[in-house]
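Next up is a structure, given as structure tokens.
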Amino acid sequence: MRFLSARLSAKRRSPLAGVVVLLMGLLFTGGVSATLSSAVATDDLASDQALVDQGRQLFLVGCASCHGRNAEGVVTQDGDSQYGPSLVGVGAAAVDFQVATGRMPMANPSAQAPRKPAVYNEEETRALSAYVASLGPGPSIPTSEQYDPASIPDDEREESLVRGGEFFRTNCTACHNFDGSGGALPGGKYAPTLNGVDAKHIYEAMLTGPQQMPVFSDDVLKPEEKRDVIAYVKSLEENPGYGGFSMGALGPVSEGLFGWLIGIGGLVGFAVWIAAHTAKSEKRKKA
Amino acid sequence: MSSIQTNGKTAATATKPSKAGAAATWVDDRVGIAGAAKKNIRKVFPDHWSFMLGEIALWSFVILLLSGVFLTLWFKPSMAEVIYDGSYEQYRGLHMSEAYASTLEISFDVRGGLLMRQIHHWAAQLFIAAMFVHLLRVFFTGAFRKPRELNWVIGSLLLLLGILEGFTGYSLPDDLLSGTGLRIADGIMKSSPVIGTYLSFFLFGGEFPGDVIIPRLYAIHILLLPGLLLALIGAHMMLLVYHKHTQWPGPGRTEQNVVGYPMMPVYAAKAGGFFFIVFGVTALMGALLSINPVWKYGPYNPAEVTAGSQPDWYMGFNEGLMRIMPAWEYEIGGFTLPLSVFLPAALLPVVLLSVVMFYPFIEQWITGDKREHHLLQRPREAPNRTAFMVALMTFYGLLWAAGGNDILAVVFRLDLNQITYFMRVAVVVGPVLAFIIARRWAISLQRHDQEKLLHGYETGVIMRSPDGEYTERHLPISEAEAFTITARDREEVPALTSGEDVNGVPAPTARKDRLRARLQHFWYADNVQKPTRAELEAARHHAQHELEVHAGEEHAADGHQFDGRHDIHGEELRKH
């Protein structure tokens with residue numbers, strides 16, 4: 001039976017027909033996705049050849065040991081995991097986020113790369129971004145109108161805040177906490193705090209989904225909506241502490257801690273003080 | 001007040017009564033308060049800081065009543081949907097329940113509203129925390145023994161009601177944490193076999209969340225539970241007056257008397273002053289420390305949840321139990337048995353509370369001690385009791401920490417999974433270790449007491465004998481201290497019974513008797529018994545002799561002036 005069908009198809013088609021159809025299909029879907037997807041835009045950075053070359057030099061010194069000399073990624077010996085993933089197609093936005101927040105280069109391999117002081121300056125970061133952007137199309141670094149809450153018109157501001165807040169509470173607080181103070185994830189990983197993070201970096205994080213974070217691509221969350229979320233996060237930061245000291249804004253756990261340490265601790269101290277001040281203590285005076 | 005002067009020379013003359021006296025007479029003529037007041041204003045209370053812990057709870061409760069009344073003036077217990085139009089910019093135009101909207105209004109638009117909310121919430125945390133420390137004090141000192149067992153049971157009920165009152169209050173604002181907490185409560189109810197779904201259905205008036213739970217909780221929170229709490233607090237305090245307060249042993253203090261100060265004026269001033277201190281601390285915390293910032297949590301939405309979703313501290317142990325519980329779930333004949341919820345959240349808290357509530361009766365059964373006790377014990381004098389509570393505290397504390405496992409992971413950069421694995425083992429091993437350590441520790445302290453009684457205390461004075469030997473001088477402790485230490489009873493260690501009579505016939509209660517005898521043996525056998533009169537006298541004689549031997553020695557070296565046998569007034573080390 002198998003022999004029969006093989007003989008029949010061999011009669012009908014050229015041996016290369018399958019491969020050609022596959023290639024045509026790939027070309028078609030790739031072309032459609034390239035034209036429809038706004039996130040995968042060619043980057044201006046990548047067209048600056050001098051910058052790309054400078055970035056490549058930096059990359060070879062600081063990044064290649066984990067990501068490979070051509071950013072193709074380095075697989076561990078057992079083949080199961082990677083020292084560093086391939087950077088082809090991650091885009092300039094991912095590089096800008098990882099490098100400018102100090103997450104890359106990583107100081108030591110651990111569950112998660114923590115935020116730390118940036119190693120590269122702004123110029124070098126741009127060069128690295130340009131180099132990685134030149135490897136393949138990916139999300140580009142956003143412009144300030146895209147992420148800066150200040151660019152929201154005044155008459156739309158309130159509506160933006162409410163919309164951004166609703167999105168934040170539905171999609172972000174589960175990991176990042178209601179006040180953006182961060183939360184734990186399994187296996188030693190965590191959602192970092194959002195306090196004091198640049199609007200640009202929050203935007204890039206949503207766009208590229210670094211580490212444990214899911215990607216909120218522009219199809220899922222339009223650039224204006226990302227800006228709304230950032231506006232809400234920033235408004236939390238700008239709010240005065242209405243209730244007083246927030247104790248880390250971690251919820252009832254820190255409230256309980258302060259209740260016991262300061263509240264009950266203090267009151268027991270007062271009880272000791274009151275009990276020590278009576279007629280009794282006067283009678284004890286040296287005879 | 002009228003005063004009568006009788007110096008034996010001039011006739012007694014009544015002076016004109018003061019205004020206060022006249023008013024008091026007016027009232028006394030009509031309701032006869034003098035009889036009650038005469039007895040009660042002279043009521044004597046012993047003085048010790050640890051006797052004031054329950055007072056913290058009492059005053060917190062008063063603050064809760066006062067601030068709670070204020071909040072009811074503005075809070076709207078309704079789940080009707082409204083569109084927010086208040087001062088908080090981030091939510092203007094958002095749909096929310098009336099309960100949440102009115103909580104925001106209290107926080108941002110009512111003068112002093114946020115302060116009152118925060119005072120109310122802090123006072124609630126302190127109320128329950130104070131009940132806990134009060135419970136620990138009563139437990140560790142054995143103040144729950146006859147005749148106070150019933151008051152202990154009332155106290156345990158107060159603790160339970162206080163926790164329920166706290167939880168209902170936590171649920172009222174209808175913010176994200178409220179709703180998350182209620183969802184868990186709903187899940188716990190539903191985990192009970194057979195009745196679970198009915199319970200949940202009746203409480204929520206249908207499927208969760210429905211639109212009746214907030215008004216219902218409101219009625220429970222401001223009417224039912226406070227009423228019960230007030231009544232039980234009244235009973236608790238009336239029993240306290242009736243039994244009279246326990247006291248520490250000491251010279252002049254016996255099982256038959258109470259040594260202390262009268263209600264008027266000493267305790268009226270102390271307790272009244274303490275109210276203002278508690279109020280002051282609560283007000284300061286309310287003013288300076290943000291508690292339950294509902295505007296950050298947002299209105300309840302079943303699709304949302306936030307990191308750092310925890311109950312208030314008193315439910316933390318329950319939360320911890322659920323967080324570390326392995327996912328045990330079985331299906332029997334088409335019915336799901338969610339043991340991973342039912343065991344930790346419904347069954348274990350009930351068991352734990354029952355053990356605490358009935359502890360006085362359990363201990364009484366083991367020791368067979370049915371006498372009245374008005375003198376307190378130091379924790380070391382009942383090593384097993386002390387160790388039992390230390391073990392319970394360890395168990396509770398570990399679960400408490402497990403309830404905040406995500407916060408621990410974030411703040412101390414730990415692995416969430418490893419915390420969970422650690423806790424699963426620690427809640428079993430920890431209490432056992434704690435029991436053994438606390439028990440041995442208490443017995444060591446008993447031994448230390450024994451040594452002080454028989455050999456005196458260590459003076460810190462090092463003596464060098466002519467042949468070069470160094471010794472530390474021990475001196476007898478004062479009579480008062482010796483009296484205090486020896487105020488406890490000598491304990492008879494019972495012989496283990498076989499439960500059979502001389503003819504080898506087992507008693508009908510043989511099994512029970514044997515168990516009880518074994519427990520009794522464990523309870524007393526390792527204790528260090530206080531010395532007998534003869535032992536004490538021998539020790540005293542020996543010490544006297546020691547002092548006489550060294551009485552005539554001249555000491556040239558510096559420091560001997562502090563050997564305890566000289567008046568050290570004005571003495572100092574000689575300058576070289």
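The values are calculated or read from the model by the stated rules, or taken from the named source; none is laboratory data. In this text the structure is predicted, and so the values were computed from the model without any measurement. Glycine gets a Cβ as well: all are built from the backbone with ideal geometry, and neighbour counts include every protein chain shown. These accessible areas exclude ligands, DNA and RNA; they are computed on the full protein's heavy atoms, side chains included. Shrake-Rupley method; radii C 1.70, N 1.55, O 1.52, S 1.80 Å.
Averaged over peptide A:169-176, how many Cβ atoms belonging to another chain are found within 10 Å of each residue's Cβ? Write out the running numbers ahead of the final one.
Numbers: counts 10, 5, 2, 3, 10, 5, 2, 3.
Neighbouring Cβ atoms belonging to other protein chains average 5 per residue here.
Suppose we take every Cα in segment A:192-274 and form the convex hull; what volume per residue is that in Å³? Walk me through the numbers before you get to the answer.
Values: hull volume 9.7 nm³, N = 83.
In segment A:192-274, the Cα hull volume divided by residue count equals 117 Å³.
Could you state, as a whole-number percent, how many of the C-alpha pairs of segment B:355-414 are farther apart than 14 Å? Don't skip to the end; give the middle numbers.
Numbers: 1250 of 1770 pairs.
Percentage above 14 Å: 71.
Do the alpha carbons of any pairs in B:LYS38/B:LYS244; A:LYS116/A:LYS189; B:LYS39/B:LYS244; A:LYS222/B:LYS296; A:LYS200/B:LYS296 sit beyond 18 Å of each other, and which pairs? Walk me through the numbers before you get to the answer.
Details: B:LYS38/B:LYS244 16 Å; A:LYS116/A:LYS189 16 Å; B:LYS39/B:LYS244 13 Å; A:LYS222/B:LYS296 24 Å; A:LYS200/B:LYS296 23 Å.
Long pairs (Cα-Cα over 18 Å): A:LYS222/B:LYS296; A:LYS200/B:LYS296.
List the residues whose amide H sits under 5 Å from the amide H of B:PHE45, counting only those 5 or more places along or on another chain, with H placed 1.01 Å from N in the peptide plane.
HN-HN under 5 Å from B:PHE45: B:TYR261, B:MET263.
Report the Cα-based extents of segment B:323-466 along its three principal axes, largest first, to the nearest Å.
Taking the Cα atoms of segment B:323-466, the three principal extents are 86, 47, 20 Å.
Okay, moving on. How many Cβ atoms of partner chains, on average, are near each residue of B:45-52 if near means within 10 Å of its Cβ?
Numbers: counts 0, 0, 7, 3, 9, 4, 2, 7.
Across the residues of B:45-52, the mean count of other-chain Cβ atoms within 10 Å is 4.
Next up: What residues qualify as long-range amide H neighbours of B:VAL305, i.e. H under 5 Å apart, gap of 5 or more or another chain, H built at 1.01 Å from N?
Long-range HN contacts for B:VAL305: A:ALA174.
What is the percent carbon and sulfur in the accessible area of segment A:44-135, measuring with a 1.4 Å probe over the protein chains and ignoring ligands?
On the way: 2470 of 4850 Å².
Carbon plus sulfur share of accessible area: 51 percent.
Compute the distance in nm between two label points, each set 7 Å from the Cα along the Cα-to-Cβ direction, one at B:TYR457 and one at B:ALA303.
Between B:TYR457 and B:ALA303, the label points sit 7.1 nm apart.
Now, a different point. Kindly express, to the nearest 10 degrees and within the range 0 to 90, the angle between helix B:510-524's C-alpha long axis and the longest C-alpha principal axis of chain B.
The answer is roughly 60 degrees.
Turning to a different aspect of this structure: Work from the charge dipole of segment B:445-557 (Cβ charges, +1 for Lys and Arg, -1 for Asp and Glu, about the Cα centre) and give the residue of B:PRO466, B:PHE483, B:GLY504 farthest towards its positive end.
B:GLY504
Here's something else I'd like to know. Could you sort the peptides B:265-271, A:157-163 by per-residue average Cβ neighbour count (10 Å cutoff), highest mean leading?
On the way: B:265-271: 15.3, A:157-163: 18.1.
Sorting B:265-271, A:157-163 by mean packing, highest first, produces A:157-163, B:265-271.
Provide the FRET efficiency to the nearest 0.05 for the B:PHE108-B:LEU150 pair, computing r from the beta carbons and using R0 = 41 Å. Walk me through the intermediate numbers first.
On the way: r = 47 Å, r/R0 = 1.15.
According to the calculation, E is roughly 0.30.
Next question. Given just the C-alpha atoms of segment B:242-314, how large is their convex hull per residue in cubic angstrom? Before the final figure, lay out the partial values.
Details: hull volume 15.3 nm³, N = 73.
Taking only Cα atoms, segment B:242-314 has a hull volume of 209 Å³ per residue.
Mind checking Rg over Rh on segment A:124-267, alpha carbons, Kirkwood formula for Rh? Before the final figure, lay out each step's value.
Values: Rg = 18.0 Å, Rh = 17.1 Å.
We get a ratio of 1.05 for segment A:124-267.
When the Kirkwood hydrodynamic radius is evaluated over all pairs of different C-alpha atoms of chain A, what value in angstrom, to one decimal, is obtained? Walk me through the numbers before you get to the answer.
Numbers: mean 1/r = 0.0428 Å⁻¹.
Result for chain A stands at 23.4 Å.
Below 8 Å between Cα atoms, with a sequence gap of 6+, how large is the relative contact order for chain A in percent? Please report the intermediate quantities before stating the final value.
On the way: 342 pairs, mean separation 46.1, N = 287.
Averaging sequence separation for qualifying contacts and normalising by length gives 16 percent for chain A.
Go through segment A:181-207 and flag every residue whose accessible area shrinks by 50 Å² or more with all protein chains in place compared to the isolated chain (probe 1.4 Å).
By number: A:ALA184.
Further question: Can you give the Rg/Rh ratio of segment B:39-148, where Rg is from the C-alpha atoms and Rh is the Kirkwood radius?
Details: Rg = 20.6 Å, Rh = 17.0 Å.
Rg divided by Rh gives 1.21.
If you don't mind, there's one more thing I want to ask. Suppose a student asked you for the relative contact order of segment B:74-156, using Cα pairs under 8 Å spaced at least 6 residues apart; what percent would you report?
Details: 65 pairs, mean separation 15.6, N = 83.
RCO, segment B:74-156: 19 percent.
Which values, in whole Å and largest first, are the semi-axes of the equivalent ellipsoid of segment B:12-74 obtained as the square root of 5 times each eigenvalue of the Cα gyration tensor?
Numbers: eigenvalues 246, 96, 23 Å².
Gyration-tensor ellipsoid for segment B:12-74: 35, 22, 11 Å.
Please compute the average number of Cβ atoms from other chains found within 10 Å of each residue's Cβ in peptide B:308-318. It would help to have the intermediate numbers written out before the result.
Numbers: counts 16, 7, 7, 4, 6, 8, 2, 2, 3, 0, 0.
Shielding by partners across B:308-318 averages 5.
222 nm [θ] for the protein assembly as shown, helices only, -39500 (n - 2.57) per DSSP H run of 4+, per residue, to 500? Show your work: numbers first, answer last.
Values: 36 runs with 469 residues, N = 863.
That comes out to -17000 deg cm²/dmol.
Along each of the three principal axes of the Cα atoms of segment B:121-202, give the extent in whole Å, ordering the values from largest to smallest.
43, 34, 16
Turning to a different aspect of this structure: Roughly what percent of Cα-Cα pairs across the protein assembly as shown reach past 50 Å? Show your work: numbers first, answer last.
Details: 156271 of 371953 pairs.
That fraction is 42 percent.
In terms of the ratio Rg/(2.2 N^0.38 Å) built on C-alpha atoms, what value belongs to segment A:44-135?
Numbers: Rg = 12.7 Å, N = 92, 2.2 N^0.38 = 12.3 Å.
Normalised by 2.2 N^0.38 Å, the Cα Rg of segment A:44-135 equals 1.03.
In whole Hz and in residue order, list the ³J(HN,Hα) couplings for segment B:323-339 that follow from phi through the Karplus curve 6.51 cos²θ - 1.76 cosθ + 1.60, θ = phi - 60°; x for Gly and Pro.
With the stated coefficients, segment B:323-339 comes to 5, 9, 5, x, 7, 8, 9, 10, 10, 10, x, x, 9, 7, 10, x, 4 Hz.
Work out from phi, with θ = phi - 60° and the Karplus expression 6.51 cos²θ - 1.76 cosθ + 1.60, the ³J(HN,Hα) of each residue of segment A:177-188, listed in order in whole Hz, and give x for Gly and Pro.
Karplus-based 3J(HN,Hα) across segment A:177-188 equals 6, 4, 9, x, 8, x, x, 8, 10, x, x, x Hz.
Obtain the radius of gyration and the Kirkwood radius of chain B from its C-alpha atoms and give Rg over Rh. Could the numbers behind the result be given before it?
Values: Rg = 30.8 Å, Rh = 29.2 Å.
When Rh is taken as the Kirkwood radius, the ratio is 1.06.
Let me see the P(r) profile for segment B:172-297: every Cα-Cα distance counted, bins of 10 Å, each bin given as a percent of all pairs.
Histogram of Cα-Cα distances, whole percents per bin: 10, 20, 25, 19, 16, 9, 0.
Residue by residue, what Karplus-based ³J(HN,Hα) values in Hz, rounded to whole numbers, does segment B:432-446 have, using 6.51, -1.76 and 1.60 with θ = phi - 60° and x for Gly and Pro?
Computed from phi, the couplings for segment B:432-446 are 5, 4, 4, 4, 4, 5, 5, 5, 5, 4, 4, 5, 4, 5, 4 Hz.
What are the residues whose amide H is under 5 Å from the amide H of B:LEU475, where those residues sit 5 or more places off or on another chain and H is modelled from the backbone?
Result for B:LEU475 returns B:TYR457, B:THR459.
Skip the ligands, DNA and RNA, and give the accessible area per residue of chain B with a 1.4 Å probe, whole Å².
Working: 30180 Å² over 576 residues.
Averaged over the residues of chain B, the accessible area is 52 Å².
Going by average Cβ density within 10 Å per residue, which order do the peptides B:52-59, A:196-203, A:108-115, A:165-172 take, highest to lowest? List each step's numbers first, then the result.
Values: B:52-59: 23.2, A:196-203: 18.2, A:108-115: 13.2, A:165-172: 20.6.
So the peptides B:52-59, A:196-203, A:108-115, A:165-172, ranked by packing, come out B:52-59, A:165-172, A:196-203, A:108-115.
Quick check on segment B:445-557: take the gyration tensor over C-alpha atoms, sort the square-rooted eigenvalues as a ≥ b ≥ c, and tell me if it's rounded (a/c under 1.5), prolate or oblate.
Details: a/c = 3.84, a/b = 3.59, b/c = 1.07.
Prolate, because a/c is 1.5 or more and a/b exceeds b/c.
Once Lys and Arg get +1 and Asp and Glu get -1 on their Cβ, which of B:VAL411, B:GLY430, B:SER87 lies farthest toward the positive end of the dipole of chain B?
About the Cα centre, the residue reaching furthest to the positive side is B:SER87.
Could you tell me the total accessible area buried at the A-B interface, probe 1.4 Å, in square angstrom to the nearest hundred? Present the calculation step by step, with values, prior to reporting the outcome.
On the way: alone 18330 and 32650 Å², together 45910 Å².
Between A and B, the summed buried area is about 5100 Å².
Same structure, new question: With contacts defined as alpha carbon pairs under 8 Å and 6 or more residues apart, what's the relative contact order of chain B in percent? Can you show the working numbers first?
Working: 693 pairs, mean separation 81.9, N = 576.
This gives 14 percent for chain B.
About the Cα centre of the protein assembly as shown, what is the dipole size in debye to 20, counting +1 per Lys and Arg Cβ and -1 per Asp and Glu Cβ, all else neutral? Please report the intermediate quantities before stating the final value.
Working: 75 positive and 86 negative charges, 589 e Å.
Dipole magnitude for the protein assembly as shown comes out near 2820 debye.
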